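See below for the structure under consideration.
The values are calculated or read from the model by the stated rules, or taken from the named source; none is laboratory data. This structure is a prediction, so every number in the text was calculated from the model and none was measured. Here Cβ is always computed from backbone atoms with ideal geometry, including for glycine, and neighbour counts include all displayed protein chains. Remember, those area values only see protein heavy atoms, side chains included, never the ligands or the DNA or RNA. Shrake-Rupley method; radii C 1.70, N 1.55, O 1.52, S 1.80 Å.
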Amino acid sequence: MGFPAVRMRRLRRSKLMRDLVAETNLDIKDFILPLFVCPGKNVRRPISSMPGHFQLSEDELQRECDTIASAGLRSVLLFGIPKEKDEDGQCACKDDGIVQSAVRALKKSHPGLLIVTDVCNCEYTTHGHCGPIVDGDVHNDRTIDILAKQALSHARAGADIVAPSDMMDGRVGHIRQALDKNGFSDIAVMSYAAKYASAFYGPFREAAESAPSFGDRKSYQMNPANSREAIREVELDIEEGADIVMVKPALSYLDIIRQVKDTFDVPVAAYNVSGEFSMVKAAAEKGWVDEKRIILEILTSIKRAGADVIITYHALEAAQILAKEL
Ligand code: PBG
């Protein structure tokens, strides 16, 4: 049967009708908002390339979480900007480190919030790479030892999920073992499983002060040209014990999100990264796009591609837009 009996426009006639048959619905329960915690008191330092985002001291972080919680958001992803860095990133493993103490404070003040911590060394090393440098490159096996220590310190502080973002081989298994051996078998691992060496991380590196001082991350993050390799990466992480697997960035990698979703039965996360966020902000500032509509369209596309969890700097705005829409 075809036209004129079939008229596809019938179901598009009104918003009520369109909403009734929408295949994809955004839900703020799926959002995770990234936040940056820095040393000091009363610090709320704007990140110039990411309008609306700040480096927050612990007290300001608490205030921000009041706003977040009252908007109905439930999950945050914490990044730390430490006072001092070292060659290997060992300072990331201290029980009184920047992230660890923020987690402890948040768990007390906002027990209803799900806390995810980014596990990586690049914010903690003097050179900005994700682990100790040996012969000009990041040393895989020494790095995963430090990452396991870091993840364990986050778990001790009370993190609900640890999220390794470094792309070293074997780190998920190493972290899983360290957690299990120390009584944290209930703490989940969300691995940045298919993480690409992307120019879309530019604004984040200003935010987290983690730009590599030499070279790039192409010897450990994936080549944007590859998709079969993403499946192998995800498969390995699941074998090593990842509970949730992530594809990052999101928008240029919607095909990867879909393939991962169709291939595996674990929850899939997608990271709508800083560059994706900042491009929207810049275009909106110039009046070139309708910001609210663009935000919802982008998030919907990520969900439609197969993401169960969406990590996005738009989370708070999106929660506010969605609340008004209903
Ligand atoms: C740390 C890390 C990065 C991001 C998340 N964790 C930066 C990088 O790999 O260089 C990027 C997040 C973003 O751009 O929003 N390794």
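Odds and ends about this structure:
- Selected residue (only one of D66, D86 is out of contact with any Lys or Arg (no Cβ under 9 Å at 6 or more places or on another chain), open to solvent by 20 Å² or more (accessible area, probe 1.4 Å) and closer than 30 Å to D135 by Cβ): D86
- Those residues of the stretch 136-152 which are small (G, A, S) and under 20 Å from D216 (Cα atoms), in sequence order: G136
- Those residues of the stretch 101-126 which are within 23 Å of M246 (Cα to Cα) and surrounded by 20 or more Cβ atoms within 10 Å (Cβ to Cβ), in sequence order: V103, I115, V116, T117, D118, V119, C120, N121, C122, E123, Y124
- Applying a threshold of 6 Å to beta carbon distances and a minimum spacing of six or more residues, or different chains, the list of pairs starting in the stretch 106-133 at a residue that is aromatic (F, W, Y) and ending at one that is in a helix (DSSP H, G or I) and open to solvent by less than 10 Å² (accessible area, probe 1.4 Å) reads Y124/A92.
- First in the stretch 158-182 and open to solvent by 20 Å² or more (accessible area, probe 1.4 Å), second anywhere and of a type in the set (S, T, N, Q), Cβ under 6 Å, 6 or more apart: D169/N140
- For the stretch 108-132, the set of residues classified as modelled with pLDDT under 95 and out of contact with any strand residue (DSSP E or B) (no Cβ under 8 Å at 6 or more places or on another chain) consists of N121, C122, G128, listed by residue number.
- Residues of the stretch 106-131 that are within 11 Å of the ligand (Cβ to nearest atom), over 19 Å from S153 (Cα atoms) and of a type in the set (V, I, T): none at all.
- Residue check for S210: assigned to a loop (DSSP other than H, G, I, E, B), modelled with pLDDT of 95 or more and farther than 25 Å from A305 by Cα: no
- Test: residue in the stretch 210-222 that is among the hydrophobic types (A, V, I, L, M, F, W, C), under 24 Å from P34 (Cβ atoms) and within 9 Å of the ligand (Cβ to nearest atom): yes
- Residue in the stretch 108-115 that is over 22 Å from the mean Cα position of the chain (by Cα) and closer than 24 Å to Y313 by Cβ present: yes
- Top-ranked residue in the stretch 288-311 [being outside any helix (DSSP H, G or I) and of a type in the set (D, E); ranked as farthest from E23 (Cα to Cα)]: D290
- In a residue-by-residue description of the stretch 310-324, the property of being free of Cβ contacts under 8 Å to residues at least 60 places away in the same chain and open to solvent by 10 Å² or more (accessible area, probe 1.4 Å) applies to at least one position.
- Residues of the stretch 225-252 that turn out to be part of a loop (DSSP other than H, G, I, E, B) and surrounded by fewer than 16 Cβ atoms within 10 Å (Cβ to Cβ), as a count: 3
- Close pairs from the stretch 1-16: first closer than 19 Å to E325 by Cβ, partner of a type in the set (K, R), Cβ under 7 Å, at least 6 apart: R12/R18
- Residue match in the stretch 29-50 (condition: open to solvent by 30 Å² or more (accessible area, probe 1.4 Å), within 14 Å of the ligand (Cβ to nearest atom) and closer than 25 Å to M279 by Cβ): yes
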